[in-house]
1. Within the range 82-107, take every residue that is aliphatic (A, V, I, L, M) and more than 14 Å from the chain's Cα centre (by Cα) and give me the one that is surrounded by the fewest Cβ atoms within 10 Å (Cβ to Cβ).
2. How many residues does the range 110-125 hold that are open to solvent by 20 Å² or more (accessible area, probe 1.4 Å) and in a helix (DSSP H, G or I)?
3. Tell me, which residue of the range 41-72 that is under 15 Å from Leu110 (Cα atoms) and over 10 Å from the mean Cα position of the chain (by Cα) is most open to solvent (accessible area, probe 1.4 Å)?
4. Those residues that are of a type outside the set (A, V, I, L, M) and within 18 Å of Arg65 (Cβ to Cβ), I need them from the range 90-105; list them, please.
Amino acid sequence: MRFSRRNRYSVVFPTGVTYTNAISICRRCNPPDLQTALSILNIATRDGVKIGLITYSAAIWTAERCGDYLAAISLLDDLIEAGIVPNSVTYDGVISACATGGRRVDALRLFEDMKRDGVTPTPVTYKVWLIVFLNFSVAFVKEAVFCLMLRLSLLSIQILIEKILFFFLSFY
């Protein structure tokens, strides 16, 4: 990056993008490093950097990859408290963290909150519900989808998957 003469020898301060990238690196580490990601988020807040939706989403997905559903829920609460409206990527991360953590009731509540807030579920949301949340094998899910497609004729995939989701949830 080339700076003007005035800024060439001065300090370049990190932005929200810098902190988001640092948190994303923590997610991609093997093993992922949630504590460092959270400390980066705290440093950004302390330094007065405006933390946005993408930075919070990166931290939530780091928590999801670490299997820490409590941290993911806490980060979602912090995001909402900061006046930021969560999007589908943010909800997907928290729902996935709850589902893999065995917190089916919390995941269901978040899914309902997501729909109530007018956020459209993504294919990732339905993948989480059908595979991780319900703890079924991929082959079983494919067979169930095929059978329901034959039975329900040609409904949209969203309606089909919602019917599958609530069919299987009736057993819990």
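1. Of the range 82-107, the ones aliphatic (A, V, I, L, M) are 82, 84-85, 89, 94-95, 97, 99, 105, 107.
From what's left, more than 14 Å from the chain's Cα centre (by Cα): 82, 84, 105.
Values: Ala82: 13, Ile84: 16, Val105: 10.
Residue satisfying both the conditions and the ranking: Val105.
2. 6
3. Here the residue is Leu70.
4. Thr90, Tyr91, Asp92, Gly93, Ser96, Cys98, Thr100, Gly101, Gly102, Arg103
The values are calculated or read from the model by the stated rules, or taken from the named source; none is laboratory data. Remember, it's a predicted structure, so these values are computed and weren't measured experimentally. Glycine gets a Cβ as well: all are built from the backbone with ideal geometry, and neighbour counts include every protein chain shown. The accessibility values were calculated without ligands, DNA or RNA, using every heavy atom of the protein model including side chains. Shrake-Rupley method; radii C 1.70, N 1.55, O 1.52, S 1.80 Å.
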